[in-house]
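The values are calculated or read from the model by the stated rules, or taken from the named source; none is laboratory data. Everything numeric here is computed off the predicted structure, so don't read it as measured data. In this analysis, Cβ positions are derived from the backbone assuming ideal geometry, glycine residues included, and neighbour counts consider all displayed protein chains.
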Amino acid sequence: MQDMKEGMLRIREELGPEAVIIQSRKVRLKGLRGIFAPRKMEITAAVESPSRVDFERQYDRNVQAKIQEELSELKMMVNRLMNRDFIPAEIRDRERKELQKWRLQLQRQEVLEELIDEFMTEIQESLYGEIQLTEEITGLILRKKMRKRLKTAPEKGAQIQVFVGPTGVGKTTTLAKLAARYALYQGERVGIITIDHYRIGAVEQLRTYADITGLPLEVVMTPRELQHALDRLSGCQRILIDTAGRSTLNLVHIQELANYLGNLPPAEIFMVISATTKAQDLKLISENFRCMNYNRLIFTKLDETNTYGVLLNGIYLTGLPVIYITTGQSVPDDICLADLDKISSLILGEEE
Ligand SMILES: Nc1nc2c(ncn2[C@@H]2O[C@H](COP(=O)(O)OP(=O)(O)O)[C@@H](O)[C@H]2O)c(=O)[nH]1
Ligand SMILES: [Mg+2]
C-alpha cells in the first residue's frame with residue numbers, strides 16, 4: 001500500500017465499517033529491490049466482535065435511561081417542594097388537623113407512639129404538594145400503610161406446633177381449640193404433649209380436653225422425656241405441645257423452658273399474646289421470650305377489649321406474622337384465621 005488513505009479504503013472493503021487501525025508503519029520491500037523502491041505502508045487492523053459492540057451500546061443506553069429516570073425524579077421532587085410553598089396556610093392547617101385526628105384515633109387504639117409517628121410522616125410524604133388532604137384520603141392512605149405492615153402467613157400446618165407465652169394468656173385453651181379442629185374437622189391423628197407441670201391443675205385442664213376428644217396426652221418433666229414423648233407420638237400427623245406460662249420478667253424460668261425446645265425438630269412455635277396486653281409489656285414479652293425462637297403469633301381474648309393496636313404493635317415489634325385470633329372461651333369455636341383487612345378496620349375505628 002502506498003499511503004494511509006488507500007489503506008483505510010482497503011481495510012473498510014475487506015473488514016467492514018467496524019474495523020479499526022491498530023498499528024501502521026512504513027517498511028522497505030525485502031532484497032535489492034527494496035533499497036531503490038519507495039517504502040510501502042503496512043497497516044494492522046482489527047474488527048471488534050459485533051457482540052461486544054452491541055453489548056456496549058446497550059450498556060450506554062441503560063445508563064442513559066437511568067440518568068433520565070433520576071433526573072425526572074429530581075424534577076418531580078423540586079416541583080413538589082415548590083408547590084408546597086404555594087399551598088395556602090388554611091389548607092395546610094386543615095392537613096395538620098386531619099393528621100391530628102388520625103393520630104388521636106391510633107392513640108386511642110394504643111398503637112405504639114413510634115409507629116404512629118412513622119405513619120404520619122409517610123402520609124405527609126405521599127401527599128406532599130400534590131393533593132389537598134381530606135379525612136377520606138388520609139384514612140385511605142393510612143389504611144394502605146397499615147395493611148402493608150400487618151402480616152399473616154398461610155396456615156402452615158407444621159407437624160409439631162408449640163404454644164409459648166406469658167401466664168394465663170390462653171395457651172392451653174387455644175391448643176385445645178386447634179387440637180379439636182385438626183382431629184374433628186380434618187380427621188387427623190393428633191397427639192398432645194404438655195411441659196406444664198409447674199402449676200397445680202394445669203395438667204388436669206389439658207387432660208380433660210384430651211379425654212373429651214380422645215386424644216393421647218403425654219406429660220413431660222425433662223427435655224429428654226420430651227424426646228421420648230415425641231418418639232411415641234411419631235405416628236401422629238399433628239403433635240401439639242403446651243408449655244408452662246412463664247412470667248415475662250423471670251428470665252431464668254423462660255430460659256429453663258427454652259432448654260426443652262432447643263433440640264426440637266423444625267416446628268411452628270406460636271407466641272400467644274393476649275389482646276389486653278399493655279403496649280410497654282408487649283415490648284418486654286417480645287424481647288424476653290426471644291430465646292424460645294417463636295416464629296408465629298396468636299392473639300387471644302379479642303372479645304375482652306375494644307383496643308386493637310396491640311396486634312399491629314406485636315407484628316411491628318417481632319416482625320412475625322399473626323396466624324390466629326381467638327375471641328372467647330368456647331372450645332373449639334372461638335378461634336379464626338387472622339383477617340388483616342378486618343384488623344385494619346378495627347384499628348381505624350371503621351368496625352365495631
Ligand atoms: N375471653 C376469653 N377468654 C379466653 C380466651 N382464651 C382463653 N381464655 C380464658 O383465659 C383463661 C386462661 O386460659 P389458659 O388457656 O389456661 O391460659 P394459659 O395459662 O396461657 O394456658 C381461661 O379462663 C380461658 O378460658 C379468649 O379468647 N377469650
Ligand atoms: Mg396453660
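Cβ separations smaller than 8 Å between residues 6+ apart or across chains give the following pairs from region 95-108 residues that are within 11 Å of ILE123 (Cβ to Cβ) to residues that are in a helix (DSSP H, G or I) and polar (S, T, N, Q): GLU95/GLN124; GLU98/THR138; LEU99/GLN124; LEU99/THR138; TRP102/THR138. Can you say whether LEU282 is assigned to a helix (DSSP H, G or I), within 20 Å of the chain's Cα centre (by Cα) and more than 17 Å from GLY245 (Cβ to Cβ), as far as the supplied structure shows? Answer is no for this residue. Per the listing ILE195, ILE269, the residue uniquely modelled with pLDDT under 95 and within 16 Å of ligand 2 (Cβ to nearest atom) is ILE195.
Among the residues in region 162-184, are any away from ligand 1 (no atom under 12 Å from the Cβ), over 24 Å from ILE315 (Cα atoms) and more than 31 Å from the chain's Cα centre (by Cα)? Yes: one or more hits.
Do you know which residues across region 154-175 are assigned to a loop (DSSP other than H, G, I, E, B) and within 9 Å of ligand 2 (Cβ to nearest atom)? Outline the logic, then answer.
Step one: of region 154-175, the residues assigned to a loop (DSSP other than H, G, I, E, B) are 154-159, 165-170.
Across region 154-175, the qualifying residues are THR167, GLY168, VAL169, GLY170.
Among the conditions (1) surrounded by 15 or more Cβ atoms within 10 Å (Cβ to Cβ); (2) more than 12 Å from ligand 1 (Cβ to nearest atom); (3) over 19 Å from the mean Cα position of the chain (by Cα); (4) not aromatic (Phe, Trp, Tyr), the only one that VAL272 does not satisfy is (2). For the criterion of being modelled with pLDDT of 85 or more and assigned by TED's automatic domain parsing to the domain that holds ALA210, LEU175 passes.
Scan region 235-255 for residues that are under 24 Å from GLU287 (Cβ atoms) and either of a type in the set (A, V, I, L, M, F, W, C) or assigned to a helix (DSSP H, G or I) (or both) and jot them down.
Listed by number, the residues that qualify are ILE241, ALA244, LEU249, LEU251, VAL252, HIS253, ILE254, GLN255.
Among the residues examined, ALA275 does not qualify as in the same structural domain as GLY165 (by TED's automatic domain parsing), under 30 Å from GLU110 (Cβ atoms), away from ligand 2 (no atom under 16 Å from the Cβ) and at pLDDT below 95. Considering (1) modelled with pLDDT of 90 or more; (2) crowded, with 21+ Cβ neighbours inside 10 Å, the lone condition that LEU206 does not fulfil carries the number (1).
None of LEU317, LEU312 is surrounded by 22 or more Cβ atoms within 10 Å (Cβ to Cβ) and in a helix (DSSP H, G or I) except LEU312.
Considering region 1-26, the residues that are small (Gly, Ala, Ser) and assigned to a strand (DSSP E or B) include one that is farthest from MET41 (Cα to Cα), namely ALA19.
Cβ separations smaller than 6 Å between residues 6+ apart or across chains give the following pairs from region 235-256 residues that are at pLDDT below 80 to residues that are more than 12 Å from ligand 1 (Cβ to nearest atom) and of a type outside the set (A, V, I, L, M): ARG246/HIS253; THR248/ASN288. Of all residues in region 217-234, exactly one satisfies the criterion of being part of a loop (DSSP other than H, G, I, E, B) and modelled with pLDDT of 95 or more, namely LEU233.
Taking the stated definitions as given, is GLU136 away from ligand 1 (no atom under 16 Å from the Cβ), assigned to a helix (DSSP H, G or I) and among the acidic types (Asp, Glu)?
Values: away from ligand 1 (no atom under 16 Å from the Cβ): yes; assigned to a helix (DSSP H, G or I): yes; among the acidic types (Asp, Glu): yes.
When the stated conditions are applied, GLU136 passes them.
With respect to the numbered conditions (1) outside any strand (DSSP E or B); (2) within 16 Å of ligand 2 (Cβ to nearest atom); (3) among the hydrophobic types (A, V, I, L, M, F, W, C), which one is the sole condition not fulfilled by ALA258? Among (1) outside any strand (DSSP E or B); (2) within 16 Å of ligand 2 (Cβ to nearest atom); (3) among the hydrophobic types (A, V, I, L, M, F, W, C), ALA258 violates only (2).
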